[in-house]
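Here the structure is laid out as structure tokens; the discussion comes afterwards.
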Amino acid sequence: METYLRKRFMPHIWCPGCGHGTVLNGLLRSVEELGLDRNEIVMVSGIGCSARISGYVDFHTLHTLHGRALAFATGVKMSRPELHIIVPMGDGDALAIGGNHFIHAARRNIDLTVLILNNRIYGMTGGQFSPLSGCGVEATTAPYSTVDPAFDAVELARAAGATFVARTTTYHVHELQQFVTRAIRHRGFSVVEILSQCPTHFGRRNGAPTAVEMLSIFKEETAKVGSRVAEENPERITRGVFVEDTVKPEYCTAYAERVQAGRGDRR
Amino acid sequence: MSSHSETRRLARIDIGPAVTKDAPGTVRFVQGNEVCAEAALYAGLGFFAGYPITPSSEIAEILARRLPEQGGSFIQMEDEISSLAAIIGASLTGKKVMTATSGPGFSLMQEALGFAVMAEIPCVIVDVMRGGPSTGLPTQAGQGDINQVRWGTHGDHAIIALTASNHQNLFEVTVRAFNLAETYRSPVVVLFDELLAHMRERLRVPEPGELELVGRLRTSVPQGIDYHPYLAREDGRLPMSDFGGVHRFNVTGLYHDMWGFPSTDPAVVDDLAHHLHDKIELQADQIAAGRRYALEDAEILLISYGTPARSALQVVHEARQNGQRLGLLELQTLWPFPGRMVQEACRDREAVIVVEMNMGQIFHQVQAAVDERRSVFLANRVDGRFITPRDIRRILRIVEGQGV
Amino acid sequence: MAGRSIESIEIRRDWCKRCGICTAMCPRTVFDEETDGTVVVARPEDCIACEICERMCPDFAITLYYAEATA
């Protein structure tokens, strides 16, 4: 698994206890489980703490612009549809500035594996709130706490047309690897939302200043979708696989088939 | 015939090689946008991503049909930002790529343009200019984007921008844009205006092999040996390696070392800043291109580019017929600004008149380039209508002290 | 793999950032922490190879080495 790390850059830049390292850990286990060739993987990231993940993996890596990773990834995928394209993004990266590209990539059902590293904050810029922070959160740009409701990333992905949608947390590390594996395997637009702790900016201002405390919250305040715990505690965030559609055509395949047919008709 | 009429017979103007039925190659009667699309295909275009915007949409429409015929692919993205981002991604897989837009879309592309500059990614961006600023005049010509092409994206950077005044030229210039993009590992902008885009004119399609093509330069470093994506060869070119190939490296918009990894080391940053600037700016003379008409003994020099150059050429022709010593320098490279070419052309003239359809964007560059700043004048038109020979002659008379 | 026996648990000191996750999450309290947060593998014999520490560590600082399987 460590062969997939660019070891010369370790220790990485993330804060002590940052969940993004745990996501990277799970991702590399998944890649190893799938036995993927490093030369067949392209990682495309945007800007933010989440995006820095691409510097640490020994794949083809493309560190792009805030919110635009999916657009760059679309160009890579359309040109080389056989490559595995993994797109880790932050919550603001994916769903604020990147929101438009997110819904269109989902609409197309283009075969990309999206990991939303959701720490409900803009970490790299010092702790501003994001569209996934939710109401009542303290952040540097919400000193009186937020009035902004949050997206439900799972519902947004589902509504936009994603064909594999899952949610887990950095506490649920076995689930994390499983879902990432399934997401990479899935041929279509896959989204795994991973609740990740930012103790430095989110936790410290919102009553959980350590990684351990934040992880405990991930454990206490989530429940497996369809479980009795979920049923009895409807206020909990649900984890699991919410969408798995293998019928809807994948974009590159559909395009290739359509132009083939289009050219054929003319002869 | 009334001497005031613009409809009198125009002097025969040589705008390119003679086209006879014996000349090689297919002759077509097409609009400028189609010329640009076909030239891109001729140059080896493999991927196009774009978004509809008047007056460039035809380029996307034609390539949507033609690219798959040649084994390439096309995608209509959700906006111009993602269009440029997508072609940058595709370029990294080894394809020749292009997008096309107009002023408002080009404004949206500025951030991604800076990324392509910083990460040294070959790509061609077509900006079919219309009246601006803002929504401006969607269906009418203007030349207001010249400075934006040079300065629109933030930070110190260099850029290459080419233009043309007729369809034959436009074909060659578009092919040249792909060649320069590969040679300099840089985005290259092809700038022309709505008039050229939508008017129909004769084009002799060059035969395969007739125009030189520069291919993607790939590294010869074998698998397993360290490859440096940002290490220049002795001749200044930077060999690339395709994503999905045997070399894994990083591409970023941050300042980076020769492996592509982020760095804030002052020596690294200084080197890269100079490299990005010098690789183009110090090659300004090599990149410069222009056409000269009746320059030798010209007392008054017109400088123009794009479709207004056609009116300027008309003025020169008629003036010469009347014994007046006028000349025209038509610019085909706008950036890096061909300062030396302009300075030499302007030497010892009584006056220089820059003809353009904006408030004097190239005019200021010419002023800065010449020895006699005060003898440079602007003949412009910014009402959405084509600048005519009459408009230019009016300014010429004023410059000559003869009133209107 | 859970259930196999552990030969040793290695902590990479140069990568460990002393976040405390491994100590808090280990179901068998294998780890202790010194006052400065340094992790000590105090009771390796109690390890059940659940892999929680190895997987959760954001810094790849923990590696479980498994004993050779006997035929």
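List of remarks:
- Selection status of A:Arg158, charged (D, E, K, R), buried (at least 24 other Cβ atoms within 10 Å of the Cβ) and touching a residue at least 12 places away in the same chain (Cβ under 8 Å): no
- Candidates B:Val221, B:Val214, B:Val205: the one that is more than 30 Å from B:Thr26 (Cα to Cα) and surrounded by fewer than 20 Cβ atoms within 10 Å (Cβ to Cβ) is B:Val221.
- Any hit, the stretch B:76-94, residues being assigned to a strand (DSSP E or B), more than 11 Å from chain A (Cβ to nearest Cβ) and over 13 Å from B:Pro187 (Cα atoms): no
- Residue check, B:Ala116 buried (at least 24 other Cβ atoms within 10 Å of the Cβ) and at pLDDT below 95: no
- Tabulated pairs, the stretch B:146-163, first free of Cβ contacts under 8 Å to residues at least 40 places away in the same chain and outside any strand (DSSP E or B), second surrounded by fewer than 20 Cβ atoms within 10 Å (Cβ to Cβ) and not β-branched (Val, Ile, Thr), C-beta under 6 angstrom, 6+ apart or interchain: none
- Note on the stretch A:30-47: residues that are more than 8 Å from every other protein chain (Cβ to nearest Cβ) and of a type in the set (Lys, Arg) amount to 0.
- Taking the criterion of being buried (at least 22 other Cβ atoms within 10 Å of the Cβ) and more than 8 Å from every other protein chain (Cβ to nearest Cβ), the residues of the stretch B:95-112 that qualify are B:Lys96, B:Met98, B:Thr99, B:Ala100, B:Thr101, B:Ser102, B:Gly103, B:Gly105, B:Phe106, B:Met109.
- Evaluation of B:Ala379 against (1) of a type outside the set (Lys, Arg); (2) assigned to a helix (DSSP H, G or I); (3) touching an Asp or Glu at 6+ places or on another chain (Cβ under 8 Å) (one fails), failing number: (2)
Listed here are the residues, each with its yes/no results for (1) closer than 30 Å to B:Met118 by Cα; (2) touching an Asp or Glu at 6+ places or on another chain (Cβ under 7 Å).
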site: B:Trp259; (1), (2): yes, no
site: B:Asp265; (1), (2): yes, no
site: B:Leu276; (1), (2): yes, no
site: B:Leu282; (1), (2): yes, no
site: B:Ala288; (1), (2): yes, no
site: B:Glu296; (1), (2): no, no
site: B:Tyr305; (1), (2): yes, yes
site: B:Ala309; (1), (2): no, yes
site: B:Val316; (1), (2): no, no
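- Residues that are within 11 Å of chain A (Cβ to nearest Cβ), without any contact (Cβ under 8 Å) to a residue 24 or more places away in the chain and not in a helix (DSSP H, G or I) within the stretch C:34-60 comprise just one, C:Gly37.
- Every pair of residues 6+ apart whose Cβ atoms lie under 9 Å, when the first sits in the stretch B:49-75 and is within 11 Å of chain A (Cβ to nearest Cβ) and crowded, with 22+ Cβ neighbours inside 10 Å while the second is assigned to a loop (DSSP other than H, G, I, E, B) and at pLDDT below 95: none
- Subset of the stretch A:8-29 (residues that are more than 8 Å from chain C (Cβ to nearest Cβ), surrounded by fewer than 24 Cβ atoms within 10 Å (Cβ to Cβ) and touching a residue at least 24 places away in the same chain (Cβ under 8 Å)): A:Phe9, A:Ile13, A:Leu28
The values are calculated or read from the model by the stated rules, or taken from the named source; none is laboratory data. Computed from a predicted model, the values in this text were never measured in an experiment. All Cβ positions, even for glycine, are placed from backbone atoms using ideal geometry, and neighbour counts span all protein chains on display.
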